[in-house]
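Read-outs: derived from the displayed coordinates by stated rules, not from any lab. All values derive from a computational prediction rather than experimental measurement. Neighbour counts are summed over all protein chains in view; Cβ atoms, including those assigned to glycine, are modelled from backbone coordinates with ideal geometry.
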Amino acid sequence: MILKIAWKNVWRSRGRSLVVIGSIVVGIWALLFGTGFMNGFMVGYMANIIDHDISNIQIHNPEFKKDLDIKFFIKNGEEKASTIRTWEGVKGATTRTIVSGMISSPKKASGIQIRGVDLKNEAIVTSLDSIVSEGTYFEGINRNPVLIGSKLAENLSVKVKSKVVLTFNDSHGNITAAAFRVAGIVKSSSLSINEMYAYVRQEDINRLIGQEGQVHEIAIITDPRFEESAIVNKYTSIYNGDIAESWREIAPELAMMSEMYSSMLYVLMTIILTALVFGIVNTMLMAVLERFRELGMLMAVGMNKVKVYFMILIETVFLGVVGAPIGLFIGWATIHYYTLNGVDLSNYSEGLEAFGYSSILYPYLDTNVYITVTIGVIITAVIGALYPAWKAIKLNPVEALHKI
Amino acid sequence: MILILAWRNIWRNKRRSFITLSSIGFAVVFATLMMSVQKGSLDQLINNTVKFYTGHFQIQNPKYWEEKTIDNTLIYTDEVIEKIENIEGVTAVSPRIESFSLTSYGSISKASMVLGITPEKEDRILNLSKKLTKGKMITANSKGVVIAEGLSEYLKVEVGDTLVMISQGFHGSNAAGLFVIEGILKFTNPIHNKQMICMPLKEAQWFYDLDNKLTSIAILLQDNKLLPLVEKEVKGIVSKEDYTVISWHKLIPDLIEMAEMKYASSRIMILILYSVIGFGMFGTFLMMTAERMREFGILLAIGMKRKRLQVTTFLEILLLSSIGVIMGLALSGVLLFYFYNNPIDLGSSYDKMADSYGIEMSIQFSMQSSIFITQAFAVFIIAFILSFYPLIVIHKTTPVVAIREG
């Protein structure tokens, strides 16, 4: 009975119902988009440094970490890397041979880190191929190709196809020099990539230092929604003797910044949420108070107060049930659209464009967020109706009828 | 007349007006709160990052920026430093010599960064004494050095060992010296932790044959927003030909990217907030109109001109909005004042690290007056746009329908 009356009431006054439904729709949409955007921001902000340079997890021989001596390689590195690739949550793993050395052009010399990379897997882990701004990704040069950063190329005044000499110690401590040819120039906002690294083929550098098949570093990229610590723990429990670290340990400053950002974003979401609660409560209050006359009439003709109370609450639930799917759909559609196309931040800040940064964020949301948000908003609406409903049943029917 | 009518209308139905007022007032509170936390954290990000090394800005020899060699130095006088220290808003002024050396102990050697400083002054920027893990801190008159933990591990040295340092001094002179390690510092920045050697300014000047020259003077401010003001004053103190002033914008270009990204994303968040509060306000306006249909109908029926009714309603909303905005400003003023003085503390695992940087892990709020003005204005504009809804309704309605519906 009450259900029926409530349902009819919802549709009797369309305008009023639409406002409440509207605020529920906007509420769900705002929360979904806000959270999705926040996730995108957190991932996007770190992305440049993590994706192109540090990676989510690095594995080393503990001795190697101390002084970068090429003697301290990871035992069976290649095998370990191929096992890791099969793990859940791992998007890619690559091995590197790391040698400190010097790069020289006819004009200048500079201290660098020579990174012997596995071409196929390096492209998966750091997308090194995507940041090549001039030349190619190790192609077009048969013997000893090298990729260097744009700043380094500028310092050395070399171009694609120029010859450079790399000097370093081999595994016996002898100083070795070898001629390389620049295959490509990479550009990134990371200082180390632009200035400090020279990427060469792993087999070239391993042959030159005389340590065939040995690697110093395994870099792992994980699914953004997957906890890195789980993989770190898994690794350490299977292989002892190596040190596995997540980017939080490798770049603590970045981790600290990220934590500060995420807490700030939570504060922002709290503000939006409270604003939303206020909006809904206000609208509900208005919606019930507007009906004093009608409710007074119902009570005057003998409707039980408890029933009136529940009628109002059930009406609100109905409104929520109608509004929620619409809000969910719009929210999902917005997120889906931006997940595919990205939010271009430079549209919102002249500065970013002026500096030529491409800052596109890709929001994403877990399924359970949709559910939590929807239930949360409906509960908010019902709570918003509690007070006005209580106010309504305290009415004196006669007085209520008199009110305009 | 109309104004009085509008005023009376507001007070006739106090409850309804109060709900509308609160929806406008709280809209202002939420908008200012949001803007304040965004501005505050942006300032904090900048203030924190410049403490990692550079300071808010530096004074250098104009040639030094292009070519960072020890030859492009500036002449140092205590008088200039003192003058800058006395500018309001300046919290630290640290004269520095930054260069490199090859540092050896036994048969191990490594290229390292050398930072010549006045320890008491530098402490206010780099917080060196908090980074000390072993031994003691150097003073302005000591003869020894403090070195980074990572470097000490690489060289396998302890407090009390003597380092051999070789480098190139002023105009190509040979620089060589023996320095006793007095203490070991743990830098959180991995590059500093692997390379840094700090020595008293006097020793560095002797080592590099620099007499009374410096490579840079780093300046830390109370707050980033003072930067343009202080920069201008400093430019007045130092002569233009010999000195150049370089701010963090140029010293840490990465930070601009971070700041800009944050700024852009905060704009999106505030747009989301506007849509939420806008809809909340629209809800109350719409209800208010629906509730008064009968009243409007009767007024029209007894011969009130439509235009006049519209003007009255419009004035009513304008009055309500103004009162609401003012109330909202008062409330947000109180709230922000509280949060400004009691920033939200983030108890976290990074506390220790934050401490060694000398920064605070907390969410700061900004009290800039522009926030209040812009947000009050924004909410007022939203209310203004929404107020056209009742006007349109009055324009369309006919007395008969309106009286019945009410």
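Observations on the model:
- Cβ-to-Cβ counts within 10 Å put A:344, A:242 in ascending order as A:344, A:242, the fewest first.
- Relative contact order computed over chain B (Cα-Cα under 8 Å; 6+ residues apart), in percent: 28
- Expressed per residue, the C-alpha convex hull volume of chain B stands at 169 Å³.
- In nm, spacing of pseudo-spin labels at residue A:366 and residue A:274 (7 Å Cα→C-beta vector): 2.6
- The stretch A:178-250 has equivalent-ellipsoid semi-axes of 29, 20, 10 Å, by the square roots of 5 times the alpha carbon gyration tensor eigenvalues, sorted largest first.
- Using equal-weight Cα scatterers in the Debye expression, the normalised intensity of the stretch A:1-156 in log10 at q = 0.09, 0.10, 0.16 Å⁻¹ is -0.52, -0.58, -1.10.
- Estimated D of chain A in µm² per second, where Rh is the Kirkwood radius over Cα pairs and Stokes-Einstein applies at 37 °C, 0.692 mPa s: 128
- Annotation: aspartates and glutamates with alpha-carbon distance below 16 angstrom to residue B:235 (same-chain offsets under eight excluded): B:79, B:82, B:85, B:88.
- Excluding exposed DSSP-loop GluC sites (Glu not before Pro) (at most 15 other C-beta within 10 Å), longest clean stretch of chain B: B:242-406
- As a calculated quantity, the FRET efficiency between residue B:189 and residue A:334 at R0 = 41 Å, using C-beta atoms, amounts to about 0.55.
- Distant-in-sequence amide contacts of residue B:161, defined by a placed amide H-H separation under 5 Å and a gap of 5 or more residues or a different chain, comprise B:181.
- Charged-residue dipole, Cβ positions (Lys, Arg, Asp, Glu), the stretch A:62-241 about Cα centre, Debye nearest 20: 500
- Close amide H partners of residue B:140, meaning residues 5 or more places away or on another chain with modelled amide H under 5 Å apart, are B:120.
- Rg over Rh [alpha-carbon atoms, Kirkwood Rh] for the stretch A:62-241: 0.98
- When the GluC sites (Glu not before Pro) in the stretch A:121-173 are filtered for DSSP coil states and for at most 13 other beta-carbon atoms within 10 Å of their beta-carbon, the remaining sites are A:139.
- Greater than 18 Å apart at Cα, pairs in A:66/B:194; A:65/B:131; A:65/B:194: A:65/B:131
- Basic side chains Lys and Arg get +1 at the Cβ, acidic Asp and Glu get -1 at the Cβ, and with that the dipole of the stretch B:55-251 about its Cα centre reaches some 520 debye.
- Between the stretch B:56-112 and the stretch A:100-137, the alpha-carbon center distance in angstrom: 32
- Kirkwood Rh and Cα Rg combined as Rg/Rh, the stretch B:55-251: 0.97
- Overall dimensions of the protein assembly as shown as given by Cα atoms, namely Rg and Dmax in Å: 33.6, 106
- Restricting the calculation to alpha carbons of the stretch B:210-278 gives Rg and Dmax of 18.5, 66 angstrom.
- Choice from B:221, B:271, B:115 with maximal GNM fluctuation in chain B (Cα, 10 Å cutoff): B:271
- Each residue, residue A:102 and residue B:3, gets one label point 7 Å from its Cα in the Cβ direction; the gap between the two is 8.4 nm.
- Placing dummy labels 7 Å off each Cα toward the beta-carbon, the span from residue B:102 to residue B:229 is 5.0 nm.
- Residues A:247, A:87, A:11, A:29 in ascending order of nearby Cβ atoms (within 10 Å, fewest first): A:11, A:87, A:247, A:29.
- Lysines with Cα under 21 Å of residue A:151, excluding same-chain neighbours fewer than 8 positions away: A:107, A:108, A:159, A:161, A:163, A:187, B:63, B:68, B:250
- Phi angles of the stretch A:79-85 translate, via the Karplus equation with coefficients 6.51, -1.76, 1.60 and θ = phi - 60°, into HN-Hα couplings of 4, 4, 4, 6, 5, 4, 4 Hz per residue; Gly and Pro are given as x.
- Label point of residue A:66 set 7 angstrom out along Cα-Cβ; within the stretch B:143-174, amide nitrogens under 17 Å from it belong to B:148-159.
- The magnitude of the dipole of the protein assembly as shown, with charges of +1 and -1 set on the Cβ of Lys/Arg and Asp/Glu and taken from the Cα centre, is near 4340 debye.
- Expressed to the nearest 5 percent, the antiparallel share of DSSP beta bridges inside the stretch A:62-241 is 75 percent.
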